[in-house]
Structure formats: structure tokens, C-alpha cells
1. Report, to two decimal places, the Cα Rg of chain A normalised by 2.2 N^0.38 Å (N = number of residues).
2. Taking the Cα centre of the range A:5-145 as origin, sum charge times position over the Cβ atoms of Lys and Arg (+1) and Asp and Glu (-1), and report the length of that vector in debye to the nearest 20.
3. So how much slack lies between residue B:33 and residue B:71, counting 0.36 nm per residue of separation and subtracting their Cα-Cα distance, in nm?
4. What is the distance, in nm, between label points placed 7 Å from the Cα along the Cα-to-Cβ direction at residue A:4 and at residue A:136?
5. Per-residue HN-Hα couplings for the range B:65-77, Karplus 6.51 cos²θ - 1.76 cosθ + 1.60 at θ = phi - 60°, whole Hz, x for Gly and Pro?
6. Starting from the 7 Å offset along Cα-to-Cβ, what nm value, one decimal, do you get for the label separation of residue A:12 and residue A:74?
7. Looking at this model, which pairs from A:66/B:87; A:136/B:31; A:88/A:122; B:11/B:31; A:45/B:34 are more than 27 angstrom apart at the alpha-carbon?
8. Could you work out how far the C-alpha centroid of the range A:95-149 sits from that of the range A:2-24, in angstrom?
Amino acid sequence: MADRVINGMKIEFMAKSVNESFARAAVACFAAQADPSVAVIADLKTVVSEAVTNSIVHGYSGVEDKSLCPIYIQCRLFESGRLVIRIKDRGRGIEDIETAMQPLFTTDLDGERSGMGFTVMKSFTDGIKVHSRLGKGTTVTLEKRLDRK
Amino acid sequence: MEIRSEKNEGKTVAYIYGEIDHHNARLAREKLDKIIEHDRPISFYLDLSSVSFCDSSGLGLVMGRLRKCNTVGCTLTVQNPSGAAMKILEIAGMDRIIRIEKGE
């Protein structure tokens, strides 16, 4: 039986680091309707923060005018209790996704990045897909079961 | 995010309050390094008991302070990490690299 979408939302914001807290709070608020546990909400906030930070630090690195740097988040809540979050940028894209997803791998050597963003996203969700095209952007799709309290 | 510190002889404890993400990690880094440079402690404690949110930027922050402490010749201990902070530290295996003290 097909899993039906029962609710959805989309937001778009500029790739400014101050919006990292906005993005994770927005997704957490949307997810709250399914009455998940505090731990699930905490995981969601963390993974959204990781993906949005990647778009800001890597996707749009070197772009001064942030008004040209949109980040899109789409959430879909399914009847089964699955939440699917799609976080998309129109940045430079990832050359080698497999390498980028390795623990401790980072291209940002001056910024004290830990290289653990994708590892955290993998560990804190029930599924992750990364689609990227050089010069076009990156889409990270995260799936999390919102088990009820 | 807010940072306060207290110095007692050769020991400095820095308390981080609030959320650690990429946005405020830079400011935290600057403040903590200033404290380390000013106090020149023998042992530096990073108290994470009041950290309400922590993503991998927090890992970078802790790893960076470990390097800083090694450079100036003091030890680093993470003190009473909150659930949010501990979960991230464990995922990265940092609980095996860095000294973590729990409980007062």
C-alpha cells in the first residue's frame, strides 16, 4: 500500500549562518504535529543544522552576495509517520560525494570544521540520499521516522 | 550562546551556555582562545553542561581547543557534557581522544 503524504511545507531563505537556527527550528516545529519524542526532535534539529551548514560553508563558499544564495527546505510527512526532509542549494556542488561523506573528510581546513557532518546526518536519521551536480547545486534528502512518545 | 570562565590557581573552567552551531562557533572559539591566552592555565576545563544544542561544529570547536591547549602546554578536559553535547562527542569517538569528566 502506498504511503500517503498527509502534510507538507516549503521554506526558502538566504544562506546566512544566522539562519541555521531558524532552519532547524522551522523543521522541528513542523515535525512537532506528529508528537515525536524529545530525542527525535533533537536529532532532526541536528541533521538540518548539518545540511544547512554544508550549503553555507561549502555550497556557497566564496559568494559575497548572499541574496544570490538560496537554500530550500521541503518537508513531507507521511501517513506512516515518516518525515522526509529535502534540503537543496544552488551552489557549486560536490565533486566526489563518496569521499565527502567519509568521516573526518573536510575541504575547509581553516574553519575548524570537523568533517563529521555527513556522519552525523547518517547516524541520526533512518536514511540519507545526496544528489549533486557541479556548478548546479546539491540536494540532501533525509528520512526520519517520527515515533510517537 | 554565552561563555563565562573562572580561574582558580592553575585551573580555568569555561562554561558554555546555549547552542553551539557553525554560526556561533567562531565567536566561541575567539572567546575561549582569549581566556586560554589570558589565564595560561595548567589545566583547562570546558564545561558543556548548559549546552542545549550541539552539531558537528561543536566537535570542531572542541578539537580546535585541544590543539590550542597542546600549543600552549595545558591539558583539556570536557566537563559534564549535556545529552546533546555527549551524543555528538560519542558519534565522533571523541570520548576516546579527549578526557571527559562527569558529575561534580
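1. Details: Rg = 15.0 Å, N = 149, 2.2 N^0.38 = 14.7 Å.
Normalised Cα radius of gyration, chain A: 1.02.
2. Working: 18 positive and 17 negative charges, 94 e Å.
Magnitude of the dipole: close to 460 debye.
3. Values: separation 38, 0.36 × 38 = 13.68 nm, distance 1.12 nm.
Gain in length upon complete extension: 12.6 nm.
4. Computed distance between label sites residue A:4 and residue A:136 equals 3.4 nm.
5. Couplings: 6, 5, 4, 4, 5, 4, 5, 8, x, 10, 8, 10, 10 Hz.
6. 1.3
7. Working: A:66/B:87 32 Å; A:136/B:31 37 Å; A:88/A:122 17 Å; B:11/B:31 17 Å; A:45/B:34 30 Å.
The answer is A:66/B:87; A:136/B:31; A:45/B:34.
8. Cα centroid to Cα centroid, the span is 16 Å.
Values in this text are rule-based calculations from the coordinates and carry no lab data. The model shown is predicted, which means the values in this text are computed figures rather than measured ones. Cβ sites come from the backbone with ideal geometry, for glycine too, and all protein chains shown count toward neighbours.
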